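Step one of this worksheet: look at the structure below.
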Amino acid sequence: MDIRLNQQIDNSPLIAFRIMFGFIILWQATKHMIYGWVERLLVRPKFTFSFIWIEWLQPLPGKGMYGYYGVMCVLALMVIAGFRYRLAIGGFTILWTGAYLMQKTVYNNHHYLLILICFLMFLMPANAYASADSRLNPSIKSLTMPSWCRYAMLLQIGIVYFYAAIAKLYPDWMDGTFTGILLNPKATAYTLFFREKWFHIVFAWAGFLFDLLIVPLLLYRKTRTIALIGAVIFHTFNWFSFEIGVFPLFSLTMLVFFYPPDVIRKLFFRRKPRIAGHEETPSVQGKRIIRYVLIPYFIIQMLLPLRHHFIQGDVLYTEEGHRLSWRMMLKTKKGGTDFYVTDLAKGKKIVFDKSSLLLKGQVSAMNGKPDMIWQMAQRIKKEYEKKGIGVTVHAEAWISVNNGPMHLLIDPNIDLAKAEWKHFTHNEWVLSP
């Protein structure tokens, strides 16, 4: 593969992706409203578990979040049409990121991936063809794009798959324990083999090998078609079997970057002229984007998934270093958490009623996640401070991973009201086997 980052190539893959990606983000924003996610996660809760350090980021009052998501739908339509493209994709990125950061009751790696792709798309001339912008302003119309646009997308999806594969290299995945937990409930009269141990192991290894090899196989011309068929089968199976969100559909749309641009032109834009040559056209703006934006960006992307290796404890239990690391569909957790509040003045100790602040879904999401347990302790402390009461807050939390034995997750002797949260090192009061 000839990698010359400023080489001008046919922009058909980028244009086709912009349109398909626009429909994906439109569907996501619409789905969150129609399926009740906005109501359940952002409207009904008294407060949400925002990312630590930005707890001030809370949903709009009343039904305001419906308007918030409505604006995202309009921006997604603008992306599809290529109308005021930079404003549309930039605005959607900001709003989607805000919604992502303001609640952790439902955490999804795919939602994070949408943020990253939106960011990359903001940097790219995805409105240079088949867009309202290029019709209203013919000076921006172009049949080409710098090849770094294609390579940036390939590298991003490659990072996702690679780290997803590496994360599966742990006993409960490789011996079929976790895949058995996934597949057993899906068994029917026609798929009784879903309950067989041999199939759990085959499925586990197939998932690992798919994540590890799919990108190299798609990049290699002789295996590309076979890899395409495998990707369609794999993602279709996951889509219908596990309801894992937008990732299967999103991954299939990314395939346009693996094929030669001329192939995509013939498939999606038959009336589009074929470009005459592939010249190197150095651009000051392009060089700056590569040097000052893309290189630092991808260094961070390659380092973030590694951080849990430098943090004490088993990430499957502690969750320290879990987020933003492409650790997707790796485990199931069960457990419970009780908070004990002691009035410092009276010495009276009570079990705090979690339902007074949290919805059932929030309680379920909090169990097993030390950062959310810590945030809840901070919230309890503030609730008593409003009444002028000083308290200590201790938590007794138990967790089981993949139907294994229960383990104590939080040191019950630590006053979480005074404890500080460490982002990049181990929190000593978080326990693992």
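Test Ser356 against the stated conditions and say whether it is within 30 Å of Trp173 (Cβ to Cβ), more than 23 Å from the chain's Cα centre (by Cα) and not basic (Lys, Arg).
On the way: within 30 Å of Trp173 (Cβ to Cβ): no; more than 23 Å from the chain's Cα centre (by Cα): yes; not basic (Lys, Arg): yes.
When the stated conditions are applied, Ser356 does not pass them.
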Point to revise | Residues of segment 206-258 classified as more than 19 Å from Lys31 (Cα to Cα) and either part of a loop (DSSP other than H, G, I, E, B) or charged (D, E, K, R) (or both), total | key: 6
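So which residues in segment 111-133 are of a type in the set (A, V, I, L, M) and within 25 Å of Arg274 (Cβ to Cβ)?
Let us first name the residues in segment 111-133 that are of a type in the set (A, V, I, L, M), namely 113-117, 120-121, 123-124, 126, 128, 130, 132.
Passing the criteria: Met121, Met124, Ala126, Ala128, Ala130, Ala132.
Within segment 92-108, can you find the residues that are surrounded by fewer than 20 Cβ atoms within 10 Å (Cβ to Cβ) and either part of a helix (DSSP H, G or I) or modelled with pLDDT of 95 or more (or both)? Explain how you work it out, then say what you get.
Here is the first cut: in segment 92-108, the ones surrounded by fewer than 20 Cβ atoms within 10 Å (Cβ to Cβ) are 94-95, 97-98, 100-101, 106-108.
The answer is Ile94, Leu95, Thr97, Gly98, Tyr100, Leu101.
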Review point. In segment 351-374, is there at least one residue being free of Cβ contacts under 8 Å to residues at least 40 places away in the same chain, aliphatic (A, V, I, L, M) and more than 20 Å from Pro45 (Cβ to Cβ)?
Key: yes
Study note, to complete from the structure: With the first residue restricted to segment 107-123 and required to be more than 17 Å from Arg150 (Cα to Cα), and the second required to be basic (Lys, Arg) and surrounded by fewer than 19 Cβ atoms within 10 Å (Cβ to Cβ), Cβ contacts under 7 Å at 6 or more apart or on different chains are Tyr107/Arg323
**Study point:** Condition broken by His423, with the remaining ones in (1) modelled with pLDDT under 95; (2) farther than 17 Å from Phe49 by Cβ satisfied
**Key:** (2)
Revision key, fill the gap. For segment 396-416, pairs from a residue that is in the same structural domain as Ile350 (by TED's automatic domain parsing) and hydrophobic (A, V, I, L, M, F, W, C) to a residue that is part of a loop (DSSP other than H, G, I, E, B) and surrounded by fewer than 17 Cβ atoms within 10 Å (Cβ to Cβ), with Cβ under 8 Å and 6 or more apart or across chains, are Trp398/Met406; Ile399/Met406; Val401/Thr332
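Look at segment 27-74 and say how many of its residues are in a helix (DSSP H, G or I) and of a type in the set (Val, Ile, Thr).
Just the residues of segment 27-74 that are in a helix (DSSP H, G or I), to begin with: 27-34, 37-43, 64-74.
With of a type in the set (Val, Ile, Thr) added as a condition, the list becomes 30, 34, 38, 43, 71, 74.
Looking only at that region, the number is 6.
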Review point. Which of the residues spanning segment 354-372 are surrounded by 20 or more Cβ atoms within 10 Å (Cβ to Cβ) and out of contact with any Pro (no Cβ under 9 Å at 6 or more places or on another chain)?
Key: Met366, Gly368, Lys369, Pro370, Asp371, Met372
Review point. What single numbered condition from (1) under 16 Å from Pro433 (Cβ atoms); (2) without any contact (Cβ under 8 Å) to a residue 60 or more places away in the chain fails to hold for Ile295?
Key: (1)
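Would you call Val351 crowded, with 16+ Cβ neighbours inside 10 Å and more than 22 Å from the chain's Cα centre (by Cα)?
On the way: crowded, with 16+ Cβ neighbours inside 10 Å: no; more than 22 Å from the chain's Cα centre (by Cα): yes.
When the stated conditions are applied, Val351 does not pass them.
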Practice item. Please determine, by comparing only the residues of segment 17-64 that are buried (at least 21 other Cβ atoms within 10 Å of the Cβ) and of a type in the set (A, V, I, L, M, F, W, C), which one is farthest from Gly245 (Cα to Cα). Key: Phe49
Exercise for review: Could you please find all residues in segment 210-233 being surrounded by 18 or more Cβ atoms within 10 Å (Cβ to Cβ) and either closer than 19 Å to Tyr112 by Cα or in contact (Cβ under 8 Å) with a residue 24 or more places away in the chain (or both)?
Suggested key: Phe210, Asp211, Ile214, Val215, Leu218, Ala231
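Can Ile264 be described as in contact with a Pro (Cβ under 6 Å, 6 or more places away or on another chain) and either without any contact (Cβ under 8 Å) to a residue 40 or more places away in the chain or buried (at least 19 other Cβ atoms within 10 Å of the Cβ) (or both)?
Values: in contact with a Pro (Cβ under 6 Å, 6 or more places away or on another chain): yes; either without any contact (Cβ under 8 Å) to a residue 40 or more places away in the chain or buried (at least 19 other Cβ atoms within 10 Å of the Cβ) (or both): yes.
Here the answer is yes, as Ile264 does meet what is asked.
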**Study point:** Within segment 339-358, tally of residues that are closer than 20 Å to Leu408 by Cβ, touching a helix residue (DSSP H, G or I) at 6+ places or on another chain (Cβ under 8 Å) and not hydrophobic (A, V, I, L, M, F, W, C)
**Key:** 1
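The values are calculated or read from the model by the stated rules, or taken from the named source; none is laboratory data. It should be emphasised that the depicted structure is a prediction, and the values quoted were computed from it without experimental measurement. Using ideal geometry, Cβ is built from the backbone for each residue, glycine included, and neighbour counts are taken over all protein chains shown.
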